[in-house]
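K.L.:
Below: one structure in structure tokens.
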Amino acid sequence: MDRVLTETFLDQVQKGNKSEQGWKPVVWTVTVDAIKEKCGKAVTKDNVQARLKTWTKNFNIMTELRDQSGFGWDDNRKMIVVRDDVWENYVKELALANTGGELDKAREEVENNGSNENDGHEDINGENEGSDKQLKRGSDEKQSANKKVRTGDAIAAAVTSMTNTLKSMVETNSRARLPTVDVNKLCQEVNKVPDFDRSLTLRVVDLLAADKTKEHVFYGLPDDFKKEWLMMHLNV
């Protein structure tokens, strides 16, 4: 059904039935009819929209992963790839943070919250339509169904958690690699600029210490240019 939906959506895009405002109403009728014709399954517009929402959620997770340093995309295998050293560092980070049970925690989270949120998996199968067959199910069976956790959902939640951890790692490592600022040298150079009182000197030091590019430009400017350049960046 996912394959049929993909082909149908692509066909509708090519026919101009998707704009910046979203899908045109005719698309939902066409996709519902395509599922019925090619899969022999009766679904609704809500089913299709819920499935599309799930696709978007999973796409965003994969996009975030691909944007992380050391991660990439293998177009032949259609999968996320990661350098060995990055993965090893991530595993070490998990161990240090005592978060090795990501998948178990994700399963628990989905189990606790899954019954209150529709993620599109049941929807595309048309199992949320309140049919007579569903109403006849016993209360024990309903409770069991509500607690059922799909592996795909748990993995998606785990990947989301992993992405957040990776972001934290990247930010921490980036801060650790920041070059140190020689404040004494910086103060000496700023003090050479004429007509700068203590307040302006402190503002300049704060500006240049926070931006290595500006610091390098400052050092490279001729002395008679430095005051005008600093005043421009201080908006004085």
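K.L.:
Does the stretch 191-207 hold any residues that are free of Cβ contacts under 8 Å to residues at least 24 places away in the same chain and not in a loop (DSSP other than H, G, I, E, B), and which are they?
P.N.:
Of everything in the stretch 191-207, those that are free of Cβ contacts under 8 Å to residues at least 24 places away in the same chain and not in a loop (DSSP other than H, G, I, E, B) turn out to be N191, R198, S199, T201, L202, V205, D206.
K.L.:
Could you list all residues from the stretch 194-209 that are within 38 Å of the chain's Cα centre (by Cα) and open to solvent by less than 100 Å² (accessible area, probe 1.4 Å)? Even if it seems obvious, please write down each step before you answer.
P.N.:
Filtering the stretch 194-209 down to residues within 38 Å of the chain's Cα centre (by Cα) leaves 203-209.
Once the filter is applied, which keeps residues that are within 38 Å of the chain's Cα centre (by Cα) and open to solvent by less than 100 Å² (accessible area, probe 1.4 Å), the stretch 194-209 yields V204, V205, L207, L208, A209.
K.L.:
Got a number for residues in the stretch 14-59 being under 28 Å from M79 (Cβ atoms) and loosely packed, with under 12 Cβ neighbours inside 10 Å?
P.N.:
Qualifying residue count for the region: 3.
K.L.:
Also, I was wondering about something else. Scan the stretch 192-218 for residues that are over 16 Å from L234 (Cα atoms) and modelled with pLDDT of 85 or more and jot them down.
P.N.:
Once the filter is applied, which keeps residues that are over 16 Å from L234 (Cα atoms) and modelled with pLDDT of 85 or more, the stretch 192-218 yields only K192.
K.L.:
Also, quick follow-up: I want to confirm something. Restricting to the stretch 1-32 and keeping residues that are polar (S, T, N, Q) and not in a loop (DSSP other than H, G, I, E, B), which single residue is farthest from the chain's Cα centre (by Cα)?
P.N.:
T29
K.L.:
For the stretch 210-228, enumerate the residues that are part of a helix (DSSP H, G or I) and open to solvent by 40 Å² or more (accessible area, probe 1.4 Å).
P.N.:
K212, T213, K214, H216, V217, Y219, G220, D223, D224, F225, K227, E228
K.L.:
For R51, state whether it is among the basic types (K, R) and under 11 Å from the mean Cα position of the chain (by Cα). So that I can check it myself, show each step before the final result.
P.N.:
On the way: among the basic types (K, R): yes; under 11 Å from the mean Cα position of the chain (by Cα): no.
It is false that R51 is among the basic types (K, R) and under 11 Å from the mean Cα position of the chain (by Cα).
K.L.:
Answer yes or no as to whether V43 is modelled with pLDDT of 90 or more and outside any helix (DSSP H, G or I).
P.N.:
Values: modelled with pLDDT of 90 or more: yes; outside any helix (DSSP H, G or I): yes.
It is true that V43 is modelled with pLDDT of 90 or more and outside any helix (DSSP H, G or I).
The values are calculated or read from the model by the stated rules, or taken from the named source; none is laboratory data. Because the structure is predicted, anything quoted here is derived from the model rather than measured. Note that each Cβ is placed from the backbone with ideal geometry, even for glycine, and that neighbours are counted across all protein chains shown. Heads up: the accessible areas ignore ligands, DNA and RNA and are worked out on the full protein's heavy atoms, side chains in. Shrake-Rupley method; radii C 1.70, N 1.55, O 1.52, S 1.80 Å.
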